[in-house]
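The structure appears right after this line, and notes come after that.
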Amino acid sequence: YTSNNNQILFKVNNIYANLNKIFSHFDIEEFLIIKKGIMRGNFSISDSFDSPNFKGAISISEPLVELPSLLKKDLSTDKILITANNNEFSIMEKIFKVNQKNVASIGVKMTLNKWLLDNLHLKCSTLKKSYIPLAIKTPILNFDGDVECDFSLDINNNTVSINGNLFGDNIDIVTDLQKITSSSNENEQNYKNVPMNFKCDINVLLGTHV
């Protein structure tokens with residue numbers, strides 16, 4: 001690492017990290033448990049602090065994670081490749097497995113403006129005749145069911161947009177209406193202070209057991 005007169009040069013070569021061991025030191029098991037995954041690669045930041053240039057490629061081989069508050073089964077794939085070029089980061093579109101079965105294609109692209117997020121695009125599509133077994137747990141709502149989807153999430157110019165289609169089957173939803181009402185009133189006040197706009201255009205179709 002070197003810096004001089006607003007110039008920066010930061011390089012990390014031959015990265016090798018066991019993600020299971022690293023994340024075992026963080027108290028996040030309620031949301032994320034990394035059971036397996038080896039990270040390798042090279043990464044650098046150069047040019048100036050005012051206009052940094054990010055460059056590199058990092059791979060995570062055989063990642064296996066558990067998302068206790070989102071999925072019923074473990075999520076995995078053979079390899080995740082993350083690349084950085086100037087101010088753009090991308091995760092190449094990849095087929096992910098749930099419980100060792102191919103279920104969905106996911107890809108991400110993100111652009112920074114200096115050090116801050118400028119825009120982000122995430123695409124998620126389930127494969128034909130495949131579904132994601134969701135088990136979402138929140139303080140006010142529990143959602144359990146099989147979901148097929150084809151949607152995108154975009155963050156751009158202080159606007160969050162979600163577009164696409166969603167089909168749910170074998171659905172069980174448990175809610176606490178009193179908590180929802182209380183939470184809605186609180187969120188209405190909180191959102192007034194959030195400098196973000198939210199747009200949602202999702203076609204939702206629910207099957208049995210609603």
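The values are calculated or read from the model by the stated rules, or taken from the named source; none is laboratory data. Model, not experiment: these values are computed from the prediction. Counting neighbours? That spans all protein chains shown, and the Cβs are built from the backbone with ideal geometry, glycine included. With ligands, DNA and RNA removed, areas are computed over all heavy atoms of the protein, side chains included. Shrake-Rupley method; radii C 1.70, N 1.55, O 1.52, S 1.80 Å.
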Computed [θ] at 222 nm, helices only, for the chain once each DSSP H run of length n ≥ 4 contributes -39500 (n - 2.57): -3000 deg cm²/dmol
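Tell me, what % of the accessible area of the chain is carbon and sulfur with a 1.4 angstrom probe? Before the final figure, lay out the partial values.
Working: 7440 of 13770 Å².
Of all accessible area on the chain, carbon and sulfur atoms account for 54 percent.
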Dimensions in Å of segment 28-82 - Rg and Dmax from alpha carbons: 15.4, 45
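Express the accessible area of the chain per residue in Å², computed with a 1.4 Å probe while the remaining protein chains stay in the model.
66
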Long-range amide H partners of LEU127 with built H, under 5 Å: ALA104, SER105
Rounded to whole Hz, the Karplus (6.51, -1.76, 1.60) HN-Hα couplings of segment 21-34, x for glycine and proline: 6, 5, 6, 5, 8, 9, 8, 10, 4, 5, 10, 8, 10, 8
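Would you tally the net charge around ASN20, using a Cβ to Cβ cut-off of less than 10 Å, leaving ASN20 out, and scoring K and R as +1, D and E as -1?
Details: positive: LYS21, LYS35, LYS36; negative: none.
After counting each charged neighbour, the total is +3.
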Table column - 3J(HN,Hα) (Hz), segment 160-169, Karplus curve with 6.51, -1.76, 1.60, x for Gly and Pro: 9, 10, 10, 9, x, 10, 9, 10, x, 10
Which value, to two decimals, describes the C-alpha radius of gyration of segment 1-94 once divided by 2.2 N^0.38 Å? 1.30
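Hey, can you rank 127-137, 74-84 by average C-beta count inside 10 Å, highest first? Please list the in-between numbers first.
Values: 127-137: 14.7, 74-84: 16.8.
Answer by packing, highest mean first, reads 74-84, 127-137.
Give the relative contact order (percent, whole number) for segment 1-144; include only Cα pairs under 8 Å separated by 6+ residues. Write out the running numbers ahead of the final one.
Working: 340 pairs, mean separation 23.4, N = 144.
It comes to 16 percent, rounded to a whole number.
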Vicinal HN-Hα couplings computed from phi for segment 64-81 (Karplus, 6.51 cos²θ - 1.76 cosθ + 1.60; Hz; Gly/Pro x): 9, 10, 10, 10, x, 9, 10, 10, 6, 10, 5, 10, 8, 7, 7, 7, 10, 10
With each label point set 7 Å from Cα along the Cα-Cβ vector, what nm distance links LEU127 and ASN86? 3.5
To the nearest 10 degrees, the tilt of helix 177-191 (Cα long axis) against the first principal axis of the alpha carbons of the chain is 30
Total charge of the residues flanking ASN203 in space, meaning their Cβ is under 13 Å from its Cβ, with Lys and Arg +1 and Asp and Glu -1, is -3
Stretched fully, the stretch from SER61 through ALA135 gains (0.36 nm per residue minus C-alpha distance, one decimal, in nm) 24.0 nm
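Tally Lys/Arg at +1 and Asp/Glu at -1 over every other residue whose Cβ is under 14 Å from the Cβ of GLU66; what's the total?
Numbers: positive: LYS35, LYS36, LYS72, LYS73, LYS97, LYS137; negative: GLU29, GLU30, ASP74.
That works out to +3.
For segment 1-54, report the convex hull volume of the alpha-carbon atoms normalised per residue, in Å³, without decimals.
On the way: hull volume 6.2 nm³, N = 54.
Convex hull of Cα atoms, per residue: 115 Å³.
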Determine the alpha carbon to alpha carbon distance for each of LYS72/LYS94; LYS55/LYS199; LYS11/LYS123; LYS94/LYS129; LYS11/LYS94 and list only those over 23 Å. LYS55/LYS199; LYS11/LYS123; LYS11/LYS94
Within segment 34-53, what residues put their amide N at less than 11 Å from the label point 7 Å along the Cα-to-Cβ vector of GLN7? 47-48
